[in-house]
Amino acid sequence: MAGVLTRMAQRAVIQGLPLYLKLEDVSDPAPKKVMEKTRGGSFVEREVSTGIEAMTAMLTIKGALQAELAMYGLQKGKLCAVTVDEAYQDEDGNPYAVKAEWVGEVNNIEDSNTKMGELSQTVLTFSCKRKKKTINGKICWEVANDGSVVNLGQEDFLAPFRAIVGLS
């Protein structure tokens, strides 16, 4: 049995440039369905999926300089491609490769208050147009609002609807 996973290594590649030792944290939440309540003549209320919430992601970087962030293309309003590779190990010693990929606009760059003797910390927030997560090469989920792709782990359930309107 796999058991608990422990992160062993992590790196981000931003616009094709690797960021390794300064990467502190990654927040890459899974897509969340938007549900709307309906009754439709029924005594029992139910919920129907009407879409996916806007997608966000965050990177926390320690000790980054503004010139360094600019080199990575990390400036407010800029579109950036980010890939985060993580290596995990379960309790039995089995490795797990987790990959998160997104393309998004940098919508906030926030520097934290830094105490004497501590590295500065910068939190970058992205509004994502595309996000994809795989574990050991298998898609966990993939959503692209610029291509109308929604795969929440089984298959892209918008594919037949794109075909109907000639977008496949």
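Near the amide H of residue 141, within less than 5 Å, lie the amide hydrogens of 133, all on another chain or at least 5 residues away, with H placed in the peptide plane.
Couplings for segment 156-164, taken from phi via the Karplus curve 6.51 cos²θ - 1.76 cosθ + 1.60 with θ = phi - 60°, read 6, 6, 8, 3, x, 6, 5, 5, 4 Hz in order; Gly and Pro are left as x.
Qualifying chymotrypsin sites (Phe, Trp or Tyr not before Pro) in segment 69-168, where qualification requires a DSSP coil assignment and no more than 16 other C-beta atoms within 10 Å, comprise 157. Using θ = phi - 60° in the Karplus curve 6.51 cos²θ - 1.76 cosθ + 1.60, the 3J(HN,Hα) couplings for segment 130-145 round to 9, 9, 8, 10, 10, 10, 6, x, 9, 5, 7, 6, 8, 9, 9, 6 Hz; x is entered for Gly and Pro.
Neighbour counting of Cβ atoms within 10 Å sorts the residues 138, 32, 78, fewest neighbours leading, into 138, 32, 78. Proximity of backbone amide H atoms, modeled 1.01 Å from N, is registered between residue 57 and 126, 128 at under 5 Å, excluding neighbours fewer than 5 places apart on the same chain. Of the GluC sites (Glu not before Pro) found in segment 1-76, those in coil by DSSP whose Cβ has at most 15 other Cβ atoms within 10 Å are 45, 53.
Each residue of segment 93-101 is assigned a 3J(HN,Hα), and the resulting list reads x, 7, x, 10, 9, 10, 10, 10, 10 Hz, derived from the Karplus form 6.51 cos²θ - 1.76 cosθ + 1.60 (θ = phi - 60°), x at Gly and Pro. When 39, 130, 162 are arranged by Cβ crowding within 10 Å, least crowded first, meaning fewest neighbours, the order is 39, 162, 130. Mean residue ellipticity at 222 nm, helices only, the chain: -1500 deg cm²/dmol; runs of at least 4 DSSP H residues each add -39,500 (n - 2.57), and the sum is divided by the number of residues. Determine which lysines satisfy two conditions relative to residue 22: a Cα distance under 16 Å, and not lying fewer than 8 residues away in the same chain. Counting by Cα, and skipping residues close in sequence, residue 22 has these lysines nearby: 62.
D by Stokes-Einstein for segment 21-145, Kirkwood Rh over Cα pairs, 25 °C, 0.890 mPa s: 145 µm²/s. Listing 58, 8, 116 from fewest to most neighbouring C-beta atoms within 10 Å gives 116, 8, 58.
When you restrict to C-alpha pairs under 8 Å that are six or more residues apart and normalise by the size of the chain, the relative contact order lands at 20 percent. Between amide H atoms placed 1.01 Å from N, distances below 5 Å from residue 63 occur with 120, 121, 122, all of them 5 or more places distant or on a separate chain.
The numbers here are math on the coordinates, done by the rules we state, and not lab data. What you see is a predicted model; the values in this text were computed from it and never measured. Cβ atoms come from the backbone with ideal geometry, glycine included; neighbour counts cover every protein chain shown.
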